[in-house]
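Working notes, structure below.
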Amino acid sequence: MLRKHEKSHKHIICMTSWMELEVRLQKNLTIDKFVQEEINKEKRHWRDVLLRIIAVVKGLAKNNIAFRGVKDKIGQDGNGNFLGMIEVIADFDLVMIEHVRRIEKGETHYHYLSNKIQNELIEMLGNEIKKIIIQKIQRAKYFSVILDCTPDISHREQMSLVIRCVDISEISPKIEEFLLTFLVVKDKTGEGLFNTLQDVLVNLDLSIDDIRGQGYDNGSNMKGKHKGVQKRLLEINPRAAYTPCGCHSLNLALSDIASSSETAVSFFGILQRIYCLFSSSTNNAEVFRDIVNGITVKPLSQTRWESRVNSVKAIRYQAPQIREALFYLADNSDNPRTRSEAESLAMSDTHGIGNFEFLLGMVIWYELLFSVNKVSKILQSEDMDIGIAISHVQGLVSFMKSYRETGFQEAKIEAERIAIDMKINPGFSVKPKRASRKKRHYDEEPENDEESVTLTAEENFRVDYFIKIVDQSLVSLETRFDQLQSFSCYSRKKFFKVETYKVISAVEYVSRKTEWIIDIVD
């Protein structure tokens with residue numbers, strides 16, 4: 001039957017037609033040739049359009065530029081950066097010229113330029129980048145986690161997750177940090193933050209047992225020794241060595257110093273009042289520019305104490321000119337409140353810059369803040385390692401100890417020079433000070449008046465202000481950096497060897513770092 005069918009007329013006709021169609025398809029000579037060409041042309045057009053749209057999305061996202069404006073249609077004013085870039089490309093590129101023409105003529109309703117498409121493309125590109133990063137982390141095997149929480153513009157607490165590892169995907173291995181995601185945090189306790197970390201590691205297909213380091217700010221819910229995130233992680237993985245943020249520690253140390261003295265609190269309050277006065281109106285700002293014509297006064301920051309060096313610097317090197325500007329406002333301003341505030345800041349012995357003790361405190365604080373700021377900038381460098389960080393912190397402690405012995409007299413000489421330029425008496429206030437008494441325990445007899453020690457105004461300022469803030473700085477630096485100091489017995493060579501970094505493999509390099517961290521935990 002099969003042989004009979006092969007010789008039948010119908011089978012031969014069908015086979016001939018099929019072979020002819022195959023030849024025509026190979027030579028592109030079918031009856032629907034032109035239709036097929038149009039289909040392929042349309043496919044190429046939409047592929048080229050999407051390539052250009054994706055390129056615009058990548059460019060805007062890479063430079064952190066906003067996409068949308070007040071309008072959402074092509075050709076309208078104020079339609080945002082994304083549609084604006086599409087219009088710019090359409091001025092030169094034939095593909096986008098044709099695409100925009102179709103949109104304007106109403107020949108297509110699917111233009112792939114809407115805000116939904118933009119969000120989808122951003123999400124798709126972000127997911128692809130995240131996959132590549134996760135592959136690098138998994139290839140490195142061991143990694144460290146860095147977490148930080150901050151409220152966003154919608155007043156929701158968000159936690160950023162940064163992974164630090166050795167990138168061995170390149171020819172030359174190097175240490176990299178990758179920002180992977182932002183996490184909305186509802187439970188801000190140590191347990192809640194740790195559970196959030198566990199969940200995101202599971203979603204990213206990363207093992208908590210591979211963590212070899214953890215770094216956070218100095219919040220109690222993060223660094224707590226009993227219920228903090230670092231303690232809960234160490235209970236599961238004791239090899240995840242904890243290192244607090246050095247710059248956060250410096251900020252907190254400075255906060256401790258400033259709050260240790262009422263005079264220091266008053267000093268920074270005067271700085272803020274000066275800024276508020278000159279920034280309260282354009283007329284006051286114009287007076288500042290005309291008379292001072294130098295560094296503008298800066299506001300104080302509640303979170304970044306090391307940045308306050310800029311606030312002090314503006315007063316430190318321009319005190320005579322600023323006092324002259326205050327006198328001008330006190331004599332010529334039409335606003336009674338401005339006149340009163342300017343006169344108080346210029347003349348008051350306790351609430352202004354018109355006394356020698358303020359000038360001396362200004363010189364002292366600038367030296368302290370400048371030294372801390374210099375170390376803070378070094379600690380923020382990309383190639384910083386723990387050995388160098390420890391050496392710089394120890395250097396800052398050495399400076400504070402040396403400054404405690406010689407800094408007061410040096411600051412006094414400089415303050416006297418500034419006071420003479422400002423025509424201020426370079427002497428300490430003679431108003432009565434409380435007597436300094438010997439410390440007495442509860443079971444001791446009360447002191448006699450004969451045992452009390454009355455200090456001079458200068459000595460009282462040195463003991464109650466200068467010595468107090470410098471001693472507080474030494475105590476705070478020791479306590480805030482106790483975790484780093486515990487690593488000081490391990491030299492920098494043991495942690496980072498340049499020669500070893502060049503010759504050993506990346507896997508062996510990570511292994512050696514891991515052994516060092518395990519030694520610390522043990």
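Coordinate-derived values only; no laboratory data. Being a predicted model, the structure only gives us computed values, none of them experimental. For neighbour counting, all protein chains shown are included, and Cβ atoms are generated from backbone atoms with ideal geometry for every residue, glycine included.
Values computed for the structure shown
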| read-out | value |
| --- | --- |
| Förster-model FRET efficiency, 30 Å R0, residue 208 and residue 255, C-beta, rounded to 0.05 | 0.35 |
| Pair-distance profile P(r), taking every C-alpha pair of the stretch 67-209, with 5 angstrom steps and integer % | 2, 8, 13, 14, 13, 10, 9, 11, 11, 7, 3, 0 |
| Percent antiparallel among DSSP beta bridges (both partners in the chain, rounded to 5) | 75 percent |
| Relative contact order of the chain, defined on C-alpha pairs under 8 angstrom at six or more residues apart (%) | 10 percent |
| FRET E, pair residue 337, residue 187, Förster distance 45 Å, beta-carbon r, rounded to 0.05 | 0.45 |
| Label point distance in nm, residue 72-residue 370, each placed 7 Å from Cα along Cα→Cβ | 5.5 nm |
| D (Stokes-Einstein, µm²/s), Kirkwood Cα radius, the chain, 0.692 mPa s at 37 °C | 110 µm²/s |
| Computed over the stretch 334-379, Cα set: Rg, Dmax in Å | 15.7, 48 |
| Label-point separation in nm, residue 162 to residue 296, each point 7 Å along Cα→Cβ | 2.9 nm |
| R0 of 60 Å, Cβ-Cβ distance residue 463-residue 107: FRET efficiency to nearest 0.05 | 0.10 |
| Highest-first arrangement of 334-343, 267-276, where packing means the average Cβ count within 10 Å | 267-276, 334-343 |
| Filtered GluC sites (Glu not before Pro), the stretch 147-176: DSSP coil and at most 15 other beta carbons within 10 Å | 170 |
| Over 31 Å between alpha carbons, listed pairs 298/401; 41/136; 377/468; 231/377; 4/27; 71/298 | 41/136; 4/27; 71/298 |
| Cα Rg, Dmax (largest Cα-Cα span) when computed across the stretch 246-390, Å | 16.8, 59 |
| Above-threshold pairs, the threshold being 21 Å between Cα atoms, out of 43/73; 62/131; 62/130; 58/116; 73/105 | 43/73 |
| About the Cα centre, charge dipole magnitude for the stretch 57-110 (Lys/Arg +1, Asp/Glu -1 at Cβ), debye | 220 debye |
| At most 15 other Cβ within 10 Å, DSSP loop - trypsin sites (Lys or Arg not before Pro), the stretch 278-328 | 304 |
| At most 12 other Cβ within 10 Å, DSSP loop - trypsin sites (Lys or Arg not before Pro), the stretch 1-90 | 7, 73 |
| Dipole magnitude of the chain about its Cα centre (Cβ charges: Lys, Arg +1; Asp, Glu -1), debye to nearest 20 | 2120 debye |
